[in-house]
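Inspection log for the structure reproduced underneath, given as structure tokens.
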Amino acid sequence: MGLLLKTLFYSSGFIIVWAMVGYPLSLKLIDRLYKGEQLKKDYSIQPTVTVMVVAHNEEKVILEKMNNILELDYPQEKIEFLVSSDNSTDRTNEIVTKFIKEHNERRIRLFEVILRKGKTNAQNEAQKTVTTEYLVMTDANAMMDKNSIKELMAAFTSNNIAYVTGRLSIVNQYVNEVSISESRYWDNDLAAREIEGRIQTITAGNGAIYACRTSDYYDFNPIQCHDSAMPLFYALQGKRAICNHDAIAYEKAGEVIKDEFNRKVRMSRIILKHILPDINILNIFKYRWFSYFYFGHRTCRYLLWLSHLIVFVTNVFLIKESWLYAVTFTAQVLFYLLGIIRGVTKANNKQLTMIYYYCMTIAAQWVGVYNTLTERTKPFWEKAESTR
């Protein structure tokens with residue numbers, strides 16, 4: 001019994017430490033030793049492109065978004081714009097329709113999804129009407145840099161590159177401790193992705209700005225999101241998903257902890273499936289670095305909710321074994337108490353907020369797991385108003 005408890009304690013502890021500290025550090029070391037090739041770009045690559053904006057009740061930002069995409073620096077004869085409205089019930093469709101009439105010299109279309117089934121379904125339905133060579137997808141509240149399309153296309157320098165994601169830049173990162181915490185997490189994640197992409201392929205993208213060949217598009221189950229599903233799908237096909245962080249989209253992070261919590265719950269809606277979605281991922285002879293990347297960047301992170309529980313529970317039974325277990329148990333209790341204190345007092349303290357933010361992330365994973373087990377997961381979610 002003692003051996004089992006210790007095995008569970010140390011293996012779960014390893015997963016936590018590896019996910020948060022070990023893997024990021026190992027990536028930096030691998031990047032130095034491996035000397036992964038730098039991103040190659042060819043700006044002469046200018047295929048026909050459709051920019052798809054998915055919107056559900058985005059009347060607050062849709063006009064700004066429409067003006068934003070018309071300012072993109074790309075040959076007008078090679079670019080089209082498509083708004084896929086996911087059963088919007090506010091003025092979104094009205095605003096887009098009026099905008100199209102006022103700019104009839106540009107190729108802009110509105111595709112109205114009748115039944116709301118979420119972002120991925122709206123993309124699936126609208127994509128079937130696309131005739132251009134490439135498809136760029138972006139969120140309604142993400143404002144794109146004028147050179148972003150050129151940058152995305154310039155990265156498709158070989159046939160084995162199936163997916164290119166840009167960089168989401170958070171514009172309100174210094175507003176309060178919530179947005180600061182999210183920005184720090186995101187900056188660290190972007191650094192990891194850049195190394196993964198240079199060496200072989202990334203394990204996840206972001207929904208604010210990304211592109212794929214229209215011929216490579218795949219109709220994913222609406223419960224899935226392209227952020228996590230697309231890079232994995234292409235990697236298992238032996239293709240590459242990379243990032244070009246010179247293709248930039250600007251977006252606000254949640255300024256209210258409830259918004260960030262709900263967003264992370266939504267991100268965890270299929271967490272159980274993505275812990276190890278395909279056993280073949282572990283075949284390092286076939287998938288090489290991707291096996292290592294996925295285990296460290298995805299599998300371990302998707303197991304944090306369970307690992308923290310196991311470490312805490314086993315520590316309770318091991319506490320009398322030695323002073324080491326007494327120290328680790330005390331540290332855990334103190335860590336969670338500090339998170340609770342920050343949540344109750346809302347103290348404006350950087351260290352406390354980071355602890356609170358981390359605990360919130362783990363709690364969101366638990367809610368995501370609960371929703372999955374009780375079949376409460378939905379393919380759509382309510383947007384965070386503080387990001388508009």
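Condition (residue is buried (at least 18 other Cβ atoms within 10 Å of the Cβ), at pLDDT below 95 and in contact with an Asp or Glu (Cβ under 6 Å, 6 or more places away or on another chain)) applied to the stretch 342-363: is it met by at least one residue? Yes, there is a match, as at least one residue in the stretch 342-363 is buried (at least 18 other Cβ atoms within 10 Å of the Cβ), at pLDDT below 95 and in contact with an Asp or Glu (Cβ under 6 Å, 6 or more places away or on another chain). Within the stretch 38-66, the set of residues being within 24 Å of I242 (Cβ to Cβ) and either among the aromatic types (F, W, Y) or more than 24 Å from the chain's Cα centre (by Cα) (or both) comprises D42, Y43, S44, I45, Q46, P47, T48.
Annotation: R388 fulfils all but one of (1) modelled with pLDDT under 95; (2) surrounded by fewer than 18 Cβ atoms within 10 Å (Cβ to Cβ); (3) assigned by TED's automatic domain parsing to the domain that holds L3; the unmet one is (3). Going through (1) modelled with pLDDT under 95; (2) surrounded by fewer than 19 Cβ atoms within 10 Å (Cβ to Cβ); (3) not aromatic (F, W, Y) one by one, R213 falls short only on (1). Entry remark, the stretch 67-94: residues being more than 27 Å from the chain's Cα centre (by Cα) and farther than 22 Å from N121 by Cα number 4 in total. A single entry from S44, S85 fulfils the requirement of being farther than 26 Å from T201 by Cβ and of a type outside the set (A, V, I, L, M): S85. Determine whether L115 is in a loop (DSSP other than H, G, I, E, B) and in contact (Cβ under 8 Å) with a residue 12 or more places away in the chain. It is true that L115 is in a loop (DSSP other than H, G, I, E, B) and in contact (Cβ under 8 Å) with a residue 12 or more places away in the chain. Does the stretch 241-249 contain any residue that is surrounded by fewer than 20 Cβ atoms within 10 Å (Cβ to Cβ), assigned by TED's automatic domain parsing to the domain that holds D73 and assigned to a strand (DSSP E or B)? Yes - at least one qualifying residue is present in the stretch 241-249.
Return the only residue of D219, D189 being free of Cβ contacts under 8 Å to residues at least 24 places away in the same chain and more than 17 Å from V49 (Cα to Cα). Every option except D189 fails the conditions. Every condition in (1) touching a Phe, Trp or Tyr at 6+ places or on another chain (Cβ under 8 Å); (2) at pLDDT below 95 holds for P47 except the one numbered (2). Checking L33, L82 one by one, the residue that is modelled with pLDDT of 95 or more, farther than 29 Å from V311 by Cα and not acidic (D, E) is L82 and no other. For the stretch 1-60, a tally of residues being of a type in the set (D, E, K, R) and under 30 Å from T92 (Cβ atoms) returns 3. You will find that of V53, V21, V83, the residue that is touching a residue at least 60 places away in the same chain (Cβ under 8 Å) and outside any loop (DSSP other than H, G, I, E, B) is V53 and no other. Which one is nearest to Q46 (Cα to Cα) among residues in the stretch 59-76 that are free of Cβ contacts under 8 Å to residues at least 60 places away in the same chain and assigned to a helix (DSSP H, G or I)? By that ranking, first place goes to Q76.
If you go through the stretch 36-64 and keep only what is among the charged types (D, E, K, R) and surrounded by fewer than 23 Cβ atoms within 10 Å (Cβ to Cβ), you end up with E37, K40, K41, D42, E59, K60, E64.
The values are calculated or read from the model by the stated rules, or taken from the named source; none is laboratory data. This one's a predicted model, so the numbers in the text were calculated from it and none came from an experiment. No Cβ is skipped: glycine too gets one built from the backbone with ideal geometry, and neighbour counts run over all protein chains shown.
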